[in-house]
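Inspection log for the structure reproduced underneath, given as structure tokens.
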Amino acid sequence: MMTGIGSGLLVLFLCVVKTACALNASHLRGHEDYVQFLLASGVARTPPMGWNSWNHFQCGIDEWTVKSTADALVSTGLAALGYKYVNIDDCWAERNRDQMGNLRAKSSTFPSGIKALANYVHTKGLKLGIYSDAGYSTCSKTMPGSLGHEDQDARTFAAWGVDYLKYDNCYHDGSIPQQRFLRMSYALQRAKRPILFSICEWGEENPAKWAGQLGNSWRTTGDIKDRWDSVTSIADINNIWGRFAGPGRWNDPDMLEVGNGGMTLEEYRSHFSIWAVMKAPLLIGCDIRSASRETLAILRNKEVIDVNQDPLGVQARKLRSKAGLEVWAGPLSRRRVVIVLWNRSGVRAPITVGWREIGLSPSQAVIVRDVWKHSFVSKSVRFHLTALVAPHACKMYVFTPV
Ligand code: GLA
């Protein structure tokens, strides 16, 4: 009888022979063992939280930036709130592999190497993430991709003590992403270190339908921009795929822009709220070493983080939208419900949520907690709730039935 890995290899071989072949559900199911192994190791049971270098620094990164960011995660209290992954994005490696074909850290910017960086981050109680690509080069074109080197690179990452791999989709051979991402997923499984596998395929081939069998999160859209229209359009696309998410497998609407300066505080608060209820990975994308008090107040809102990290792991969805006035809701553990009243319009307006539309009996009394104000709106509300919401702002409530 063939093992899961053996049958996977056969599939890969057949796929190489017949490049257009699609992987069927049974092949992918065989691989679920890896996701189960990760879950059993506690990886991605709730949406991953941490920091990633790309949104703020792009290719301007070095080991000093990464180390001082790890320090800042601890000193700001963000680490204690759950932001534990310190993720290096593109541009960390030399343009060429060494004579043995190994990836090597760029000596001008990461002179101590990635293993030393992982050790440093681990001593702080944090975890290290790295980036590669299911193609011949990464999107920046400054370093090699892992296509054809999957096992070698997965072994390298495991030996360095890496805990998270973001795997991108640029400059490949034209084969289907399922095939190329499966190869790295198997390689990580063989490398025997629980490495969270973050699939970055930009939602092109509906990854929600297959990526949960290969890894722990998948991008549902193209790259986020530090702009309001980017946040609203990404939220709408990510919303479509809600039912595919759950513990171990999350839709990824891309990293946070909170604190990067392109939006107002209300807009950042809405961005953070919607990402939290959509059970998105909460990966900070600003320079936290110089983050303002207001930025930190958003990122450190424990009540919002608790919603994101709720053990039920169900993605909230948009229930209603009219003239830019929206109601989003989703179930939480202990029969609670999270509600976001989101005003995307340009004018202050009332938004109402009725109990029936969120699955409660109209006469059910609920305790309403405002998780931005950190106060109770009421200990007993029935039928419906209305709030006046400022333009581009939102109200976020946790309802507890009594
Ligand atoms: C792609 C990804 C981004 C980032 C860049 C790096 O565009 O979607 O998140 O990783 O590549 O080059």
message: List the strands (runs of 3 or more DSSP E) inside region 314-387, counting only whole elements, that have at least 2 residues being open to solvent by 10 Å² or more (accessible area, probe 1.4 Å) and not small (Gly, Ala, Ser).
response: 317-322, 325-331, 349-354, 366-370, 375-381
query: Considering region 174-205 alone, what residues qualify as being among the small types (Gly, Ala, Ser), in a loop (DSSP other than H, G, I, E, B) and either surrounded by fewer than 18 Cβ atoms within 10 Å (Cβ to Cβ) or away from the ligand (no atom under 16 Å from the Cβ) (or both)?
result: 174, 175
task: Evaluate region 298-312: report whether one residue or more is over 20 Å from the mean Cα position of the chain (by Cα) and farther than 21 Å from residue 251 by Cα.
output: no
message: Suppose we filter 327, 347, 381 for residues that are under 21 Å from residue 239 (Cβ atoms) and of a type in the set (Val, Ile, Thr); which single one remains?
response: 327
Residue selected from region 134-173 under the condition of a type in the set (A, V, I, L, M), assigned to a loop (DSSP other than H, G, I, E, B) and closer than 27 Å to residue 84 by Cβ, by the criterion nearest to the ligand (Cβ to nearest atom): 143
- request: Check whether at least one residue in region 256-276 is surrounded by fewer than 24 Cβ atoms within 10 Å (Cβ to Cβ), among the β-branched types (Val, Ile, Thr) and in contact (Cβ under 8 Å) with a residue 12 or more places away in the chain, and report yes or no.
  value: yes
Residue in region 289-303 that is touching a residue at least 12 places away in the same chain (Cβ under 8 Å) and in contact with a His (Cβ under 7 Å, 6 or more places away or on another chain) present: yes
- request: Mind listing whichever residues of region 51-78 are within 14 Å of the ligand (Cβ to nearest atom), open to solvent by less than 20 Å² (accessible area, probe 1.4 Å) and of a type outside the set (A, V, I, L, M)?
  value: 51, 52, 53
message: Based on this model, can you work out whether residue 91 counts as within 16 Å of the ligand (Cβ to nearest atom), part of a loop (DSSP other than H, G, I, E, B) and open to solvent by 20 Å² or more (accessible area, probe 1.4 Å)?
response: no
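The values are calculated or read from the model by the stated rules, or taken from the named source; none is laboratory data. On a predicted model such as this, the values are computed, not experimentally measured, just so you know. Every residue, glycine as well, gets a Cβ built from its backbone with ideal geometry; the counts of neighbours run over all protein chains shown. In case anyone asks, the SASA skips ligands and DNA or RNA and just uses the protein heavy atoms, side chains included. Shrake-Rupley method; radii C 1.70, N 1.55, O 1.52, S 1.80 Å.
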